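> Quick one: the structure is below, questions incoming.
The values are calculated or read from the model by the stated rules, or taken from the named source; none is laboratory data. What you see is a predicted model; the values in this text were computed from it and never measured. Cβ atoms come from the backbone with ideal geometry, glycine included; neighbour counts cover every protein chain shown. Side chains are part of the model used for accessible areas, which takes the heavy atoms of the whole protein and leaves out ligands, DNA and RNA. Shrake-Rupley method; radii C 1.70, N 1.55, O 1.52, S 1.80 Å.
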Amino acid sequence: AALARQLGSVQNVAALIPGKNPAKANEFLVIGAHYDHLGFGGDNSLDPDGAGKIHFGADDNASGVQAVVSLAERIQAQGGGERPLLVVLFSAEEVGLLGSRQFVESAPIPEGAKMVGMINLDMVGRMQQNRLNVLAAKSALEFEAVLASANRELGLELAKGDAGFGSSDHASFLRAKIPALFFTTGAHSDYHRPSDTAEKINASGLGKIQDLAFAVWRELDQRPQPPTYDPTSESPDQPPPDRGYGAYF
């Protein structure tokens, strides 16, 4: 049977917080999260009875959007940092990281500039027992020290994953050899179901994650040199980073 392809136009939403150090004007940091979800369900819904029901996406990924917007306000309020910061809300993550891939391929930065590090927040609203998953933690040689310093006062239990990629927007950056960290509190029984609702969000835990992300950004921003991508963090058997949720070869 023929496939009925439905096309539409969607937008990433981005803002720039300029840097204060002219010597680092070409070294852009990125903080991002995807803002799309499943609408009324569709093929990616995991609820057999979910067709036609609103999939609220409170954790996936209103939690990440809230974190990014709050971080942007906090960083802007202090006048920005040493390096320029791109604050991005990505679209089309749920259908294969399309928004972040397009952003990486055609980032709105000056010629000669480059993106040197990225923090991705996706599903950060369900913290339990002070625990946060930090994936792609070895995509830069400096990340181990950065995380340790940023977490020193917060005291979160960081479950660090070495390799990166996976099905979230940081993978588009890793694909381009840009070091990236992925913060997430992990999957749960409400994932991609209409039951992912706001009253289940751990607001205090989300606040702690924002504090950690701010501290990581500050560490990366103030270091004399940008983070160094570590190609040994790439696993030879990992799937293509832009595969979305469907089948792949």
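> Say we look at the stretch 187-217 and pick out the residues that are within 12 Å of Ser63 (Cα to Cα) and not in a helix (DSSP H, G or I); which of these is least open to solvent (accessible area, probe 1.4 Å)?
This residue is Asp196.
> Mind listing whichever residues of the stretch 1-37 are touching a Pro at 6+ places or on another chain (Cβ under 9 Å) and under 18 Å from Ser91 (Cα atoms)?
Ala14, Leu16
> Tally time: how many residues in the stretch 25-50 are open to solvent by less than 30 Å² (accessible area, probe 1.4 Å) and within 23 Å of the chain's Cα centre (by Cα)?
Start the filter on the stretch 25-50 by keeping residues that are open to solvent by less than 30 Å² (accessible area, probe 1.4 Å), which leaves 28-34, 36, 38, 41, 45, 50.
Okay, now just the ones that are also within 23 Å of the chain's Cα centre (by Cα), so 28-34, 36, 38, 41, 45.
Count: 11.
> Here is a follow-up. Report whether or not Ser139 is hydroxyl-bearing (Ser, Thr, Tyr) and either crowded, with 21+ Cβ neighbours inside 10 Å or in contact with a Phe, Trp or Tyr (Cβ under 8 Å, 6 or more places away or on another chain) (or both).
Yes, satisfied.
> Among Arg131, Arg126, Arg152, which is buried (at least 19 other Cβ atoms within 10 Å of the Cβ) and more than 13 Å from the chain's Cα centre (by Cα)? Break it down stepwise before answering.
Working: Arg131 fails: buried (at least 19 other Cβ atoms within 10 Å of the Cβ); Arg152 fails: buried (at least 19 other Cβ atoms within 10 Å of the Cβ).
Going through Arg131, Arg126, Arg152 in turn, just one is buried (at least 19 other Cβ atoms within 10 Å of the Cβ) and more than 13 Å from the chain's Cα centre (by Cα): Arg126.
> Applying the selection to the stretch 175-186, what residues are modelled with pLDDT of 95 or more, more than 30 Å from Gly50 (Cβ to Cβ) and not in a loop (DSSP other than H, G, I, E, B)?
Ala180, Leu181
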